[in-house]
Amino acid sequence: MDEITQPMVLMDQVTKSFRIADQDVAILKGIDLNVRRGEFVAVMGPSGSGKTTLMNLIGCLDVPTDGRYVLAGRDVTKLTDDELSVIRNEHIGFVFQNFCLIPYATVYENVLLPSLYTMKSKNDAAGRAVDLLRMVGLEHRTRSKPALLSGGEQQRAGIARALINSPELLLADEPTGQLDSRTAEDIMKLFVRMNADHKTVIIITHDPNIAGYASRIVRIKDGLMET
Ligand SMILES: Nc1ncnc2c1ncn2[C@@H]1O[C@H](COP(=O)(O)OP(=O)(O)OP(=O)(O)O)[C@@H](O)[C@H]1O
Ligand SMILES: [Mg+2]
């Protein structure tokens with residue numbers, strides 16, 4: 001299979017255990033997940049079911065205890081921390097529930113931040129940041145500090161930041177969890193646009209209305225995918 005026809009995310013019997021009070025506790029118990037390039041997938045499931053744990057594995061922020069994970073055709077199951085951070089910077093954009101913007105930096109500087117860790121040209125990144133801020137409707141806010149923005153505007157900045165390195169895969173853990181339903185819908189429309197623009201999108205949500213924006217819903221319960 002060439003790289004383009006490979007799935008974006010391919011997990012085969014992935015498990016994850018944490019050591020809690022001298023016991024290995026299995027949180028993910030054998031996850032099979034196949035997300036094709038260009039898909040928009042929502043992950044749903046009860047609190048504590050392992051959604052964030054799964055997202056951390058998908059995003060190469062953590063590694064499986066067992067099983068195999070192939071991201072964009074590359075087996076990332078056993079990479080070192082340094083190798084994983086290169087993969088993250090090149091392939092993945094992260095959007096957070098609480099936005100995670102740096103308070104003392106401007107909106108523009110926040111959007112630019114992930115580009116400082118890649119080898120790409122500074123001028124290109126600066127131009128891209130301006131374009132992305134326009135795309136998310138924040139061109140009038142570029143010099144503001146995040147605290148002066150509404151929640152929806154902060155999340156727009158978070159999405160622009162996630163896109164600065166042109167990732168193929170966009171991951172978002174409860175991206176609308178802090179937003180009222182009207183603002184949440186606007187943010188979801190932005191994800192739909194990103195998806196139409198060939199990004200693979202995976203979001204975690206407990207809200208069926210939000211999940212309805214995805215083209216496919218997968219459910220996790222007690223550390224297993226429901227089929
Ligand atoms: N680093 C860790 N060390 C120990 N236990 C952990 C760790 N990370 C997660 N857990 C445990 O794993 C379980 C699943 O957590 P996770 O955050 O993945 O759930 P979730 O589905 O995202 O829940 P929520 O909907 O509340 O965000 C929880 O019981 C949690 O306490
Ligand atoms: Mg969670």
Only one of (1) within 16 Å of ligand 1 (Cβ to nearest atom); (2) more than 18 Å from Leu190 (Cα to Cα); (3) at pLDDT 95 or above does not apply to Val95, and that is (2)
Give me a count of the residues in the range 190-210 that are of a type outside the set (A, V, I, L, M) and either assigned to a loop (DSSP other than H, G, I, E, B) or within 16 Å of ligand 2 (Cβ to nearest atom) (or both). 6
Residues in the range 10-29: is at least one touching a residue at least 60 places away in the same chain (Cβ under 8 Å), buried (at least 21 other Cβ atoms within 10 Å of the Cβ) and part of a loop (DSSP other than H, G, I, E, B)? no
Those residues that are over 24 Å from Gly45 (Cα atoms) and of a type in the set (Ser, Thr, Tyr), I need them from the range 162-200; list them, please. Ser166
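Collect the residues in the range 78-105 that are assigned to a loop (DSSP other than H, G, I, E, B) and buried (at least 17 other Cβ atoms within 10 Å of the Cβ), keeping them in residue-number order.
Our first condition is that a residue be assigned to a loop (DSSP other than H, G, I, E, B); within the range 78-105, this holds for 78-80, 96-105.
Correct list: Leu79, Phe96, Gln97, Phe99, Leu101.
For the range 169-189, which residues satisfy the criterion of being away from ligand 2 (no atom under 14 Å from the Cβ) and of a type outside the set (Asp, Glu)?
Start the filter on the range 169-189 by keeping residues that are away from ligand 2 (no atom under 14 Å from the Cβ), which leaves 169-170, 179-189.
Of everything in the range 169-189, those that are away from ligand 2 (no atom under 14 Å from the Cβ) and of a type outside the set (Asp, Glu) turn out to be Leu169, Leu170, Leu179, Ser181, Arg182, Thr183, Ala184, Ile187, Met188, Lys189.
Condition first: in contact with a helix residue (DSSP H, G or I) (Cβ under 8 Å, 6 or more places away or on another chain) and either on the phi < 0 side of the Ramachandran plot or acidic (Asp, Glu) (or both). Now tell me which residues in the range 63-80 satisfy that.
Listed by number, the residues that qualify are Val63, Pro64, Tyr69, Leu71, Arg74, Val76, Leu79.
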Please determine whether any residue of the range 115-137 is within 29 Å of Val9 (Cα to Cα) and within 16 Å of ligand 1 (Cβ to nearest atom). no
Tell me which of these Ile58 doesn't satisfy, since it passes every other one: (1) within 16 Å of ligand 2 (Cβ to nearest atom); (2) modelled with pLDDT under 95; (3) of a type outside the set (Gly, Ala, Ser). (2)
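Within the range 162-185, count every residue that is over 18 Å from Lys51 (Cα atoms) and surrounded by fewer than 17 Cβ atoms within 10 Å (Cβ to Cβ).
Final tally of qualifying residues: 6.
Mind checking whether some residue in the range 1-8 is over 18 Å from Arg219 (Cβ atoms), surrounded by fewer than 15 Cβ atoms within 10 Å (Cβ to Cβ) and at pLDDT 95 or above? It would help to see each step written out before you state the result.
Applying the first criterion (over 18 Å from Arg219 (Cβ atoms)) to the range 1-8 yields 1-8.
Narrowing the set further to residues that are surrounded by fewer than 15 Cβ atoms within 10 Å (Cβ to Cβ) leaves 1-5.
Checking the rest, the ones that are also at pLDDT 95 or above come to none.
No - not one qualifying residue is present in the range 1-8.
Taking the stated definitions as given, is Ile217 buried (at least 17 other Cβ atoms within 10 Å of the Cβ) and either within 24 Å of Ile102 (Cβ to Cβ) or at pLDDT 95 or above (or both)?
On the way: buried (at least 17 other Cβ atoms within 10 Å of the Cβ): no; either within 24 Å of Ile102 (Cβ to Cβ) or at pLDDT 95 or above (or both): yes.
For Ile217, the condition - buried (at least 17 other Cβ atoms within 10 Å of the Cβ) and either within 24 Å of Ile102 (Cβ to Cβ) or at pLDDT 95 or above (or both) - is not met.
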Selected residue (criterion: modelled with the lowest pLDDT) from residues of the range 107-156 that are basic (Lys, Arg) and outside any helix (DSSP H, G or I): Lys120
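Going through the range 54-67 one residue at a time, which ones are in contact (Cβ under 8 Å) with a residue 24 or more places away in the chain, surrounded by fewer than 20 Cβ atoms within 10 Å (Cβ to Cβ) and under 20 Å from the mean Cα position of the chain (by Cα)?
Passing the criteria: Leu61, Asp62.
The values are calculated or read from the model by the stated rules, or taken from the named source; none is laboratory data. Owing to the predicted nature of the structure, the values given are computational and were not obtained by experimental measurement. So basically every Cβ, Gly included, is an ideal-geometry build from the backbone, and we count neighbours across all protein chains shown.
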